[in-house]
Amino acid sequence: MRGGRGSAGADQGLGTALAAEHAAVYAYGILGARTTGRLRAAMTTAYNAHRARRDQLRTMIITAGGTPAEPKAVYELPITPSSPAQAVELAVLVERGVTGAYLELAATTDTTLRKMAALVMQECVTRSYSLRPEIDAFPGMPPRTAPPSPEPTATPATSQ
């Protein structure tokens with residue numbers, strides 16, 4: 001975003017989030033074209049969600065007096081999906097990337113933007129989990145190596 005009137009952190013955060021949404025829309029366009037059945041339906045739902053967020057961010061930037069960045073013509077994808085497993089892998093990577101992009105907005109002083117960022121991150125994690133039910137460390141946190149084992153509990157002694 002250029003020339004906005006908001007705080008520098010919010011302006012930068014909106015621009016970062018918009019760039020991530022542009023990339024997500026591109027990736028899900030590819031994913032929708034390379035999948036079928038229920039997986040295609042999930043990719044289409046995600047595509048529509050990211051398009052709506054992209055449009056919302058563009059409107060917010062324009063309303064604040066800024067100029068939203070336009071999408072690139074082509075994005076380099078980390079995976080060119082040719083199987084359902086690769087499509088899921090790319091979708092999970094996209095959702096993780098978008099989640100990370102919204103972290104900057106979650107750190108602004110504007111409570112409305114912070115709330116929006118938190119909700120978007122929640123949506124992305126939910127979408128990712130629906131495709132691959134596993135939890136990664138939150139961006140910036142160390143990875144979990146193994147689930148914590150439960151503490152042993154003492155069994156009550158019975159008197160006889």
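Can you pull out every residue in the stretch 50-75 that is of a type outside the set (S, T, Y), part of a helix (DSSP H, G or I) and under 20 Å from the mean Cα position of the chain (by Cα)?
H50, R51, A52, R53, R54, D55, Q56, L57, R58, M60, I61
How many residues does the stretch 102-115 hold that are crowded, with 20+ Cβ neighbours inside 10 Å and assigned to a helix (DSSP H, G or I)?
The number of residues fulfilling the criteria is 2.
Can you pull out the residues in the stretch 9-30 that are of a type outside the set (A, V, I, L, M) and at pLDDT 95 or above?
Hits for the stretch 9-30 are G15, T16, E21, H22, Y26, Y28, G29.
Output the number of residues of the stretch 76-91 satisfying the condition of being aliphatic (A, V, I, L, M), in a helix (DSSP H, G or I) and farther than 12 Å from M43 by Cβ.
The number of residues fulfilling the criteria is 1.
Can you tell me which residues in the stretch 38-49 are buried (at least 16 other Cβ atoms within 10 Å of the Cβ) and under 17 Å from the mean Cα position of the chain (by Cα)?
A42, M43, A46, Y47, A49
I need a count of the residues in the stretch 40-69 that are of a type in the set (G, A, S) and touching a Gly at 6+ places or on another chain (Cβ under 8 Å).
Residues meeting the conditions: 4.
Among the listed residues T99, T35, which satisfies the condition of being touching a helix residue (DSSP H, G or I) at 6+ places or on another chain (Cβ under 8 Å), crowded, with 16+ Cβ neighbours inside 10 Å and more than 23 Å from M116 (Cα to Cα)?
T35
Condition check ((1) farther than 21 Å from E134 by Cβ; (2) of a type in the set (G, A, S)) across all residues:
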residue	(1), (2)
A17	yes, yes
G32	yes, yes
L57	yes, no
Q86	no, no
V94	no, no
D110	yes, no
A117	yes, yes
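The values are calculated or read from the model by the stated rules, or taken from the named source; none is laboratory data. The shown structure was predicted, so the numbers you read here are calculated from the model rather than taken from an experiment. Neighbour counts are summed over all protein chains in view; Cβ atoms, including those assigned to glycine, are modelled from backbone coordinates with ideal geometry.
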